[in-house]
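The values are calculated or read from the model by the stated rules, or taken from the named source; none is laboratory data. Just so it is clear, the model here is predicted, and its values are computed rather than measured. Cβ coordinates were reconstructed from backbone atoms using ideal geometry, including for glycine residues, and neighbour counts include every protein chain displayed. These accessible areas exclude ligands, DNA and RNA; they are computed on the full protein's heavy atoms, side chains included. Shrake-Rupley method; radii C 1.70, N 1.55, O 1.52, S 1.80 Å.
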Amino acid sequence: MRKFLVVLLFLIGVVAVVADVALRGVAEGTVSERMAQQLDMTENPDVAIEGWAFLPQVVSGEYSRITISADSAAMAGVTVEQIEAAASDVEAPLSDLLEQPSVVAGTIDGSFVVPYSYFSSHLPEGMTVTTEGGEPRITGELAIPELGLSTSVSAGGEFTVEGDTVRLTPVDVQLGNTPVDVTSMVEGMLSFSVQAPALPFGLTVTDMEAASNGLRITGVGQDVPLMGAEAA
């Protein structure tokens, strides 16, 4: 009898673990589909609901941490890359989920990379921002209509951030042969400021830094609706 009870408890434990894993997978898939719809992603992101067990979190309606990642997505008409987000202290009452899905994160941290190619459209025709040795670089053939000439240009690109505004300043400008020194003029033509693409869910920008393939923008938010009528 005792052996039978041990085996029975073991089987119940196995069934519970299998059910926990299966239901976690279903929930992750549902969140992934909703995120793809809300963020206009061409592919569903990878979603992981963390925690040692899933069923107790469902019953309590509180989830310790949910991570979201994707290779790329279109946000506000801009294709961004390397999307990463982590939602903590997530509330999703079971009663609400049964009627209308509603998920709110107490805190969410997120970031994505804006490819340097995005900034090329703000440069004069013929100029592009590329990556060389993991650093942004401005290259191309620049026309200077005021002087009736053009010159090849190769310069480093220095990104600085003020609030949600990104400024690109050329440094170490190298020009082709020109009859007069046009370095200062070229520097002015290649400098510009542009507003950074908005973060999803209304997150506030906290940091921007140059990465090997683009500008990484990081943000944070409190009491953020991830799913439901109020989700952005």
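Brief remarks follow.
- Cβ-derived FRET efficiency at R0 22 Å, Thr107 paired with Ser212, nearest 0.05: 0.20
- Computed Rg/Rh of region 137-181, alpha carbon atoms with Kirkwood Rh: 1.09
- Across the accessible surface of region 124-175, with the other protein chains kept in place and a 1.4 Å probe, carbon and sulfur atoms take up 45 percent.
- Taking one quarter of the surface of the C-alpha convex hull of region 112-220 gives a mean projected area of 6.8 nm².
- Val31 accessible area, 1.4 Å probe, all protein chains in place, Å² to nearest 10: 20
- Across region 61-183, the volume of the C-alpha convex hull divided among the residues equals 143 Å³ per residue.
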